[in-house]
Every structure is written in structure tokens, then in C-alpha cells.
Amino acid sequence: MDIEIQETATEPEPSATTPTPRRRGRPPKNKSNNSTPNAKLNVVPVFATPTKAVGFNPLTPGRAADRSARRKSARALIDRVVGDGGSDDDDQIGVDITRQIYESSDAEDEDDGEDELEERTDGEAAGLAEGDAATPSKTPARRKGRAKRARSPTPPRDLPPHELYFLHNKPGRPKTSDNTLASLNLLSHDEYFSILHDHQDRHAENIEYLESLHAESFPQWAFELSQGFSICLFGLGSKRPLLHKFATYIHSSNKTSKTAGKIVVVNGYAHTTNLREILSVVASAIDPNQRVPTAQPAIMIQSIASLLSASKLTLTIIVNSIDATPLRKPGSQAILAQLAAHPQINLICSADTPDFTLLWDIGVRSDFNFVFHDCTTFSPFKVELDVVDDVHELLGRQSQRVNGREGVAFVLKSLTENAKNLFRLLVGEVLIAMEDEGDEDVGLEYRMVYNKAVEEFICSSEMAFRTLLKEFHDHQMLTSRKDNLGTELLSLPFRKEDLEAILEDLTA
Amino acid sequence: MSTEDPQSTFTQEDHQVAFIFNPEENEAPRRERPSKRRKTAKRAAAIENEAQQDEDSSSSWFTPLLSGAESMACVQRRQRLLDENWAVVDARIKNILRDSNSATLEDVSRFVTEAESECGDKIPSAFIITGPNIASQDLLFEQLSDSLQKTSQSKFIRLRSSEATNLKNALKKIIQDATSQTLVVDGEEDLQVGQGSNRRYLPYDLEALHEFLGHQPHENVFVAFQDSEGFDSGLLSDIITLLSSWRPQIPFTLLFGIATSIDLLENRLLKSACRLIYGAQFDCVQTDTILENVFKGAVISSDVPLRLGPQILRSMLDRQRDHMAGIQAFISSLKYIYMCHFYANALSVLLAPEVEGGGEILQAEHIEALRHLPSFRNEVEKAVGLATTDSLQHARSLLEDDEYLLSQAQASNDCRQSWMDGHLRSLLVREAAGAIQPPLSRAYVDSLSTTHPESGNGSLTEYIRRMSIGALIGTLRRVISIFKEGEPSLHLQPASQEEDVALLGFLEETLSRLEQLESDAESAGITLLTKYSSQSKVMRTTVIAQRVQLSRDSAALRDEDRQLTNIVDAVSERLTLHIRASRPEKVLFSETWLYDNRSPLRDIMVPRPRVTFKRSLARPYDYLACSCCRGGDAEDGTMQATLPATSILYHLYLEAGSLINVADMWSAFYALVSGHKEEEEESEEHDKQQQQHDERTALVMFYRGLAELRAMGFVKSSKKKTDHIAKVRWL
């Protein structure tokens, strides 16, 4: 340990002084001086001598000294923590000083990173150059010291996001535990909704108050809309109730002022959302009697525009979750922007993700002519999210509901006897493979399955076999992939317990 | 479309893709006859007195200010002022934009007419370099379409990459636009051209277009590819080949809008397609120049009543430069500023240039508000500081006499105008003297916020002293014209105030003396120098003992030189004295016509969603204002169990690495939530069932939080380990 400390303390030297016999003799002398961590600190001023500072780093002589002081203090701290159990109170003051040094140079160190690197390579190069002259123990000792430093402190707090990213994505296996949710009985839809029904959110009142605050700016929003801007509400929480209120507000003020105005609400989060449907509803809102033919959205929008220009109507379009997956295609945003650019159409939308601004390029953005309002509501996404399915999909158990055991039974009921047999064969083979490999993720070789199927008289030709498999593919009961050698592998997207249950059903 | 959820809490509308909002009808009104009839009837009634309604509806969004005490008259007046003022500025901006492209338009039409005879069997194509700002392409192509159709009998078709996804669509669009027929109902996809012929054509058959054009004399059919970068390169080559093969029958001309460079486009096209093109390149006016012109017309111009302060202008200019936001963004920011001013500033009613009924409309609250203005305070303090009888009287009247205050407030328009004109003149004088760097917009903004040094480096004196006699004469002529004739590009009127006239007299006299001096000097054959010009100093180099010595000598000044020096001194002194700039916010009641608030505009035009999300997740109590969560310092890493589930999960998420074990996350979550519960109900006995119920409830919350994190794109599923999810966002 002592040698190591000595090394860091004298680190700046090699580049500054020429290797002379005298120098070689010096380190041991120092070493004898600095036998305790506290005493080492006193040596620091040695490096503040002008000649060395100039040779090493002409601009900031003080900093260099600081740095080595810092290094030493870091080591002293570690020493203290690791090394001595039988502690002593008189050491405490010294430790405090060390800690202070360590922390004071902390901030400086960040922007200094580059300098430091340079310094190190400098030192290293010099060390290599004079490798013969220096003591052989020198380089290894230093390495050891540095490695120790990199490893020792707990991950630093308050790193900027990009640093954190690299810290988290270091190569190597992620260090997480092997716990699984196997023991936990996952929620079903019924249970989820029944519990939710009785649940009382402790913040309900605050959330309501927050919403009422947002509601106070309704006149302002309406004003902005009337001036040809579109509005985008963003922030955490569902903005659907708020927009619903706003729709009611616009509706009532339309009625009192007797303006011809209509409101169309679009739910971007709905899975079936597509532009044609949106546009045809918009068209029917303008004039219910005239049917705009369903065609390419780009063509529909032209007829809508001409229809609207002919009438005196002001159309307010409210888009819930404009950044939801169905509306994320660039084409649909451009069409919506074209709608919004029409002077008689006011568009107000909500965005739920933090990255929604990436949806629009400069052209689309200037068509929309957005103003943005921070509308953090904290309201739960009651309608927008299918919570249970989403979570299960996240956990890789998407088969829970749609294609679960019942679903498979249902599908098989409508298939031929041969198909049922084939599926039973598949399930059996997969289960056997699971037993053998002890792994959930197994694949069966296509050729092998085919041969077995022929053996069992399930099918007579590969064509027929393919046809049967296609039926399973269509219902997502089967997945196939190719391994590295190009062999086709068939697997079933179910968990082992499910497969066992399915097999029971099939053989029963 | 309907939901499978049996829950009664969901209405059908929640899962509908789109519907017409009509709260009075519980049923979804989409395909119902009666509602529609009623609607149309209502609309028919509405149309009858539409003119009146238009006004009503638009004015209703303005809310009374001054804690609701503002009278309706004032509210309407603010609204009217906004409309009037913005209309003026908007019209001016439109003009500027139109004019800025006129050179390009002319070039293109000239090319088109010339190409007709020169291109041979190639297809004439104009490549218009628009620069990266695709938002302004629309305007350019609209103008192109107008001007080209005006000069010749022709058809103009604009294609966008989003509309023309494949060859068939592109051709359909071309034929449709050219024949100006809307698509026949799908199913019957063919179309009939002309009355006489019975032949029906496929909608993408150019033969149809040929047939159609046969009836009408047309010189040209223009096909414009607005965003050529967006088109698939294969598609572009195909279209070019096809159209050029039809050229003997149909006179096609192509226009390409290019954001990058022609070379890139050429590389993307097939060689064979390139060979068919007879092209020329046109450069558009770049955004910087347009911005500068718009800025001059809409912001600096002397007759714009609403002035913008340096802070907001600087941030707008910075945004233009840093974000490449495009001229449209600048214009809409400007409009938003106008809206802010008239919507939220009750004193903006004073901006009206006319005085009719101005006094009556103001209320006691207005006067109260006027007395609270910083500029009012500044004025009073200044007057008291002067401590002459007049100024003290002025201060006293301002404070006590409502009538006097009102008359001053009415005069604030004149104050503004005189301040504005003075300021602009000083800016122009400095420009004439070469004391400011070229972009006038930046110089204007700087001049609002910083005062110029009166002497020394960068001062006007310095620049005048540096001039030769010829330059000085030029400058003086320019300055005289600024005062005498104003500046048309900034709508600056000739100066009429007393001191301006005096200065003008002095300058004219000086100018004549200078000209005299110059002509004298010319006839005498000498070059005139001042004591400031560098030529008057002679550098002397002496070599003594192999070392060079430099010494300076002032050359002797002639009598004429001395005269010139005197003139230079006098001019610089007078001008410096005259153009002393004052800060706009110091002018009395400047708040009625000055807007310099950076915050609403910045938040509204350049949102920072990540910061918002981070804050709401990390510190929800900032928004919820609840007492339960704030207790512990969340920054220290201790979490309150009362936080919303998503927020708790977010904190756990922050602590985790790139791969997150959901099982561990759940146990941490449950430990936190249940631990809190037990604390609360310590005395109560927990039977097994209750505990079980608590766990399930916590699980529901956990599910919900996790689903929200996923929806916001924080996590995604991972196959690396079972029940693990991957972190995808480092905020």
C-alpha cells in the first residue's frame, strides 16, 4: 500500500525531471517519511515547486497538486473504511480533512477529465520511456492503484443522463437477481377492474383541483384556437377528461353565441384508429347529407376542404393522444396537419409521451401552428391503456388472454381432426424438449416434426403439412424462426404450465 | 370498435375512433337522421344573421381583466385593437414574403418560355433550390403556380411526396388536378373525358389527359415536385421517363423543389432519366434575408404601434438561428405576442391612436393600474429628483390629479412615436457611420438593451474620425436624408422636431463647407488629412547598432487639414449629443405599448416535455400540492409511500440499471406501500384476508404504474431474462 501511495504522489515527476541516479534513490527516502496516511498529506507541498509545475502543467500548477492530494485522500478514506476496524478518535480530524479535500476537488474534477487523461498518458509515456531506469515495480504498482480507484466508490450520484447511460450499459452481464414472479398470481381482467372499482385514490381531490386549475384557462385556449393556432396539451396523466370538459365548454359557448360550430372527437389511442374513418366522420360532421367517398386520405381531404369552405361551419377537432401508436405513422400526422391548416378547423390535441415533438418535421409543424400547454393532470389512463394486457405483454406473457388455454381449445374445436392431432404432437414434443433442456425457450426442428407427422399418418405430403401449420400461424399458436445454421425451428408461444394444461385438454 | 369490457363505467364513445361530440344526446349521434335535420335547420337559421354573430363569437373569448372589473367596452376595444394592429402587420409580412420570391419567379418563367424552343426533345425542368426550410416551400410553389398560370394558358400540378407514394397515385393525381375533376366514386375507377367521346379511361392513363387537353389550347402542363427529397428515387426516375415520352403529345414541364443540392438529386436518378432532362438551377432568397426583411417591416418599422423589448426579440432571433425554426415560426411567435399583449394587458386599450371617447372608456381601475406602473414611478422619481418648480408640480399632478394623469396617458402615443423615431434615427445614423454590424435586426435589439459608449472604442466619434473626406461627405448626405426624408423601408417620417431641424441646418451647412473644401483641395492637388487619420502619422524606422527603432512623427497639418479636423470634431460632437439613445421602458407609460415578457412565449412555442415529465414524476407534490407526499425529501432518495404509483415506480426505475427485474421491483414496491399501511393501522388487527386484499390492491396499482411507464416509453419488454424489462430512457 505504501509503495502505491508513493507512486501516485510522485506521479508528475517523470515528465518533469530527467532520470538520474539521484532520482532513483529518492523514493525510498520519502517512503520512510510517510508511514501513516495522515503524515502523507504533509508531503503535498513538495509538488508545488515551480520548476516541476512548469514542466508538468504550466497553466495550473495548483490544480495538479490538488489532484494528487485528492487521490491520496481518496485512498486514505478507503484505507480507513477497509483497513482498520479498531479505530481511533485522534485520527478523526485527519479523516475529516481528507474527506474535505476529496470533496472540494470533486466538482473541479469533472470538467478536468480531459486534462487528467492527458496527464496520465504523459506520465505513462514517460514511465515507459524510462522503463529501464526506473524500478521494475513501478508500472504494475501504479496500475493496481488505478484499478482500485475505478472499482472502489459506489456509483456517483447526480450523473448527467448520458453518463448514466454509459454507466448502465457497461459490457458484461447485468447484475440482477434471479427472482421471478412465478409465485405471484397475476391479475386477471375481472380482478383488476373489481379492485379498481372499490379503490379510492388518496389524491383524488388534488387531482380534481389540478384539473380545475387547467379548466380556468379554457377561454384562453378558445381564444388561441380562434386565432388560428392549434393547441397541444402535454404532461403526465390522462388529458381525456379535461378535453371532454373543454368540448362541453366549446359546445355550450357555440350554443349561446349561436355560431355554427361542431365538434369532432378523435380517440387516437383506440386500436382501430385509421385516417379514413376519422376523415369520414369529419366529413359527415360538415354535411351529413353529402357522403364523401372513402378513398385515399390525401384525396378525401381535398373534398373535405372544398366542402368546408362552402359552408360557414367552424369545426373543432379534439384529438385524444395524438402520439398514440395508431397515429404515429408520418403520413397520418401530415394529413392531420393539413386538416388543422384549414382556417375553419380548430385542432386541439393531447400528447402522452415525453417525445411527442419528434413526430413533426418543420413542414408539418408549421401547418399545425401549435402552441403548447403543460397540462400535467395525474389522472389515471382509464380508457387509453389496457393495463392488464399491457403489463402481461411487457412481461412476455401475452398469450395469457387472447390465445390462452381456452383460446387454443376454441380454435382447435373448429379445425379438422388431423390438425388437432398435429397440435397434440407439437405440444407433446415441445414438452419433452423442455424436460430435456430445462429451458422454456425451445424450438423443434421442422424436418423432425414433419417426419413424425408422417409417421403418425397426420399428413401425407409436405404441402398438407404446411397447410396445417399455416392455420396455427394465423391464430398465433405457433411461431417459427431460423437458427444460425438456417434450420427452421418451430416453437409454441406458451409457458410450460399452459402447455401441460393444453395437452390435458387435448388428450381428455 | 366496441369494447369487450363489460364495465358500465366505459361508454361506447370511449373506444370509438371518432365521433361527433354532442352532449345533449346520450346516444351516439353518428348515423341518426333526426339530429341531423335539427342541426341543419339550426344552421340555416344561424346563417341569416351571420355578420352580427361573427363579431359576437370572436369577442366572447376575451375575458374582463382588472379582477373582472373591466367594462365590456374596454374588452371589445382590446379585441378590436388586436384585430386592427395584427391585420396591418400581417398584410405587410405577406407583401414582403411575396416580393422576396419575385426574382425567382421571374427567372423561372423566363426559363420556361425560352426552354420551349431550346430544349429539343428533352423535357424542360427547373430546379429550384429552396434551402432546408421546407415550411416555406408551400408559399413559393403557390406563387409559382399563380405567376406561371398568369403568363400563359397552362395547368399547374403540385405533387408532394406524401401524396404520390407510387407511380399510379402520382399519375392519378396529375390527371385529376389537370382535368380538375374529383375522383369518381370508388368502384367505378375509370373516368370519362369530354362530352362527345364515349371512351372511358383508367384514371392513371395519360391518354385521358391528352384527350382532355385536346379540347383546350394549352401551352404547358407544369408538374411540380415540391419536396423532391421525399420522393422515392425509383419513382422519380419513372415519372420523368414516362412524362418525357409523352412530351410530343402533352407539353410537360417539370419543377423540382430542392432542399439540399442538385448533385444529390442527380445521383439518385437513373442515368437514362437524367439524360432526358433539359434543366436550369434557380436559387431562392435564403431564409436569413427574408427574416431580415420581415423583421424590418414588422418589428423595427416606425409605424408599428406595439413595440417589442430586447429580451423577447433576442430569444426569437436566437430561436431562428439555433433551431432553424423557419420564417413561419417567427411570424406565429409574433402573432402570439400580439395576442398576449392585448389579451392580458388591460392597459393596452391606451394603444389606440384615435382619441374618440378614449377618456370615458377608462375606469377608476385603469387609473389605479397606471399609477402602479414602474415607468410611472420612474417618471415621478425623476421629476422629484430634478426638483424644479415645474417638475415638482408635474409629479404632484401625476400622483393626485386624475385628469392630468389621463391627459398624460393619452399623450403616451405621441411619446412613443417620438421616442421611436428618435431611436430609429440614431440607429440609422450609426449605421450610416458604419458603427454597427450588418444584420440590422441584431443591431436593433442590441440598441434597445445596451447604451452605446459616448467616447472611446466603438463610439460614433471614433467611426467619424476614421473617415476620409469623401466618406464623410457621403455619410453626411445620408444622415441629412434620414432627417429630411425619413426612411421608406422602415416607414420613418421626416423629422419635424425643433432640435432635429436645428441639427439638420447645421449638417447642411457643414456639408456645403465640406464640399467647398474638397473641391478646393482637388483643384490645389492635395489630399486632405485630419489629425486623426493614420496617414498624418509617419512611421520612422532607424537602424542603430543592428537594432530597429520605430518612432512616430506627426506630419505637419496644413491649414485645410486643420479646417477639416475642426469639422470632423464638430460633426461628431453634434451627432453624439443628438442621438443619445434611451431605454424604451423608461418612457412614461411604456407598458401600454411595449411587450418584453419572455416566459409565456418560450414555454408555448418551445415546449420542454422531458423536463416537465421528469418533474411531475420525481416530485408530484409540485403539481398536486398535497401535504402527504412532501414530508420526506425525495431528493435524498427516501420515498413516501403516498406518492402515486407511477411516481414510486419511476424512483425505483431511476435506481435500477439497464435491465430491471420486475419481481424485485414489485417486492420493493409492495414493501414500501404495505409498510406504510401497517404504520397507519398499527393497532388494528390484520386478519389474513385483509392483508391479502391489500396485496392485490397494491398489485393493481403496480400494474397501472408499470403500464403507464411503458406507454410513456420508459421501459420495453426484454428477452434476456424471465420477468425482466429493459430500460430505454435516461432522462
**Prompt:** Measuring from label point to label point, each 7 Å out along Cα→Cβ, what is the residue A:185 to residue B:286 span in nm?
**Reply:** 7.1
**Whole-Hz ³J(HN,Hα) from phi, Karplus 6.51 cos²θ - 1.76 cosθ + 1.60, for the range B:508-514, glycine and proline x** = 5, 5, 4, 4, 5, 4, 5
**Fill in**
For the range A:398-507, whose charge dipole is built from +1 on Lys and Arg Cβ atoms and -1 on Asp and Glu Cβ atoms, the candidate among A:506, A:428, A:467 with its Cα farthest towards the positive end is A:467
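Remind me, relative contact order of the range A:245-384 in percent, using alpha carbon pairs under 8 angstrom and six or more residues apart?
Relative contact order here is 25 percent.
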**With DNA, RNA and ligands ignored, accessible area of residue B:335 (1.4 Å probe; Å², nearest 10)** = 40
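Counting heavy atoms of the protein chains only and a 1.4 Å probe, report the per residue accessible area for the range B:102-284 as a whole number of Å².
46
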**Asked** How far, in nm, would the chain grow between residue B:13 and residue B:491 when pulled straight, counting 0.36 nm per residue and subtracting the alpha carbon separation?
**Response** 166.5 nm
**Request:** Keeping every protein chain in place, order B:670, A:209, B:343, B:444 by accessible area at 1.4 Å, biggest value first, i.e. largest first.
**Result:** A:209, B:670, B:343, B:444
**Prompt:** Once you put a point 7 Å from the Cα of residue B:477 and another 7 Å from the Cα of residue B:318, both along the Cβ direction, what distance in nm separates them?
**Reply:** 4.2
**Fill in**
For residue A:349, the residues 5 or more places away or on another chain with a placed amide H closer than 5 Å to its own amide H are A:231, A:232, A:233, A:319
**Asked** To the nearest 100 Å², how much accessible surface do chains B and A hide from each other in total, with a 1.4 Å probe?
**Response** 10300
**Asked** Using heavy-atom solvent-accessible surface (probe 1.4 Å) with all chains present, what is the largest-first order of A:173, A:75, A:328?
**Response** A:173, A:328, A:75
**Complete:** With the full set of protein chains present, the residues of the range A:350-367 whose 1.4 Å probe accessible area falls by 40 Å² or more relative to the chain alone are A:354, A:355, A:362, A:366
**Message:** How large is the accessible surface of residue B:241 in square angstrom, using a 1.4 angstrom probe and rounding to the nearest 10?
**Reply:** 60
**Message:** Can you classify the range A:210-374 as rounded, prolate or oblate using the Cα gyration tensor, where a ≥ b ≥ c are the square roots of its eigenvalues, rounded means a/c under 1.5, and otherwise it's prolate if a/b beats b/c and oblate if not?
**Reply:** oblate
**Item:** Long-range HN-HN contacts of residue B:252 with modeled amide H, under 5 Å
**Value:** B:221
**Fill in**
Rounded to 0.05, the calculated FRET efficiency for the beta carbons of residue A:311 and residue A:197 at R₀ = 35 Å is 0.20
**Message:** Assuming 0.36 nm per residue, please report the length gained on full extension of the stretch residue A:178 to residue A:410 beyond their Cα-Cα distance.
**Reply:** 80.0 nm
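May I ask you to derive the FRET efficiency for residue A:445 and residue A:274 from their Cβ-Cβ distance with R0 = 45 Å, giving the value to the nearest 0.05?
After rounding to 0.05, the efficiency reads 0.65.
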**Request:** Take A:166, A:472 and sort them by solvent-accessible surface of the protein heavy atoms, 1.4 Å probe, largest at the top.
**Result:** A:166, A:472
**Item:** Note, ³J(HN,Hα) from phi for the range A:472-479, Karplus 6.51, -1.76, 1.60, rounded to Hz, x at Gly and Pro
**Value:** 5, 4, 4, 9, 6, 8, 9, 10
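Given a Förster radius of 35 Å and the C-beta distance between residue A:291 and residue B:150 as r, what FRET efficiency does 1/(1 + (r/R0)^6) yield to the nearest 0.05?
Numbers: r = 36 Å, r/R0 = 1.04.
Taking R0 as 35 Å, the efficiency between residue A:291 and residue B:150 is 0.45.
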**Item:** Peptide-level mean, for A:224-235, of C-beta atoms on other protein chains within 10 Å
**Value:** 4
**Prompt:** What is the range A:398-507 by shape, rounded, prolate or oblate, if you read a ≥ b ≥ c off the alpha carbon gyration tensor as root eigenvalues and call it rounded for a/c under 1.5, prolate for a/b larger than b/c, and oblate otherwise?
**Reply:** rounded
**Fill in**
Once the dipole of the range B:102-284 is set up from charges on Cβ (+1 Lys and Arg, -1 Asp and Glu), the residue from the list B:221, B:109, B:202 lying farthest towards its positive end is B:202
**Item:** Estimated distance in nm for a label pair at residue B:117 and residue B:371, the labels positioned 7 Å out from Cα along Cα-to-Cβ
**Value:** 8.1
**Fill in**
Answer in debye to the nearest 20: the dipole magnitude of the range A:210-374 about its Cα centre, from +1 Lys/Arg and -1 Asp/Glu charges placed on Cβ, is 540
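The values are calculated or read from the model by the stated rules, or taken from the named source; none is laboratory data. It should be emphasised that the depicted structure is a prediction, and the values quoted were computed from it without experimental measurement. So basically every Cβ, Gly included, is an ideal-geometry build from the backbone, and we count neighbours across all protein chains shown. The accessibility values were calculated without ligands, DNA or RNA, using every heavy atom of the protein model including side chains. Shrake-Rupley method; radii C 1.70, N 1.55, O 1.52, S 1.80 Å.
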